[in-house]
Amino acid sequence: MLYKFKSKSTADLIMLEPNGRRVLEIIGKTPGPQGIILSTQIAAAVGALESAVAAEDALAAQARSENPEEDEDTARPQGVSLRQRVAPLIDMLRRSEREGHDVTWGV
């Protein structure tokens with residue numbers, strides 16, 4: 001299943017179900033088959049996403065400091081980080097907020 005985020009301000013953004021579900025939970029939305037982030041809710045959603053990214057980055061930094069003997073290749077996180085996953089959504093949200101548009105999602 002895919003989540004498709006839409007806004008009149010940007011192109012559509014598609015996320016796989018586990019990633020879309022996680023993002024929606026972070027911003028306090030119920031990850032259902034469809035929903036809306038009102039333009040008045042966008043600032044709080046961006047703040048929640050940025051806080052989650054900062055928390056994940058702090059955990060990664062802590063893990064690196066606890067294992068300083070690991071070389072750079074093995075210390076790199078495997079997979080795509082939350083920071084990388086949410087960057088396009090944060091951009092969509094900010095542009096939508098500037099233009100006064102809501103962001104919707106559907107599956």
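The values are calculated or read from the model by the stated rules, or taken from the named source; none is laboratory data. What you see is a predicted model; the values in this text were computed from it and never measured. With ideal geometry, Cβ positions are generated from the backbone for all residues, glycine too; neighbour counts draw on all protein chains shown. In case anyone asks, the SASA skips ligands and DNA or RNA and just uses the protein heavy atoms, side chains included. Shrake-Rupley method; radii C 1.70, N 1.55, O 1.52, S 1.80 Å.
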Specify the residue that is most open to solvent (accessible area, probe 1.4 Å); the eligible residues are those in region 19-34 that are part of a helix (DSSP H, G or I) and hydrophobic (A, V, I, L, M, F, W, C).
-> 26
Select from region 1-18 the residues that are in a strand (DSSP E or B) and in contact with a helix residue (DSSP H, G or I) (Cβ under 8 Å, 6 or more places away or on another chain) and write down the one among them that is surrounded by the most Cβ atoms within 10 Å (Cβ to Cβ).
-> 5
Take region 49-62 and flag every residue that is surrounded by fewer than 18 Cβ atoms within 10 Å (Cβ to Cβ) and touching a residue at least 12 places away in the same chain (Cβ under 8 Å).
-> 50, 56, 57, 60
Is one or more of the residues making up region 67-80 within 17 Å of the chain's Cα centre (by Cα) and either modelled with pLDDT under 95 or not in a loop (DSSP other than H, G, I, E, B) (or both)?
-> yes
Considering each residue of region 87-107, count those that are closer than 12 Å to residue 6 by Cα, among the hydrophobic types (A, V, I, L, M, F, W, C) and either at pLDDT 95 or above or crowded, with 21+ Cβ neighbours inside 10 Å (or both), and give that number.
-> 5
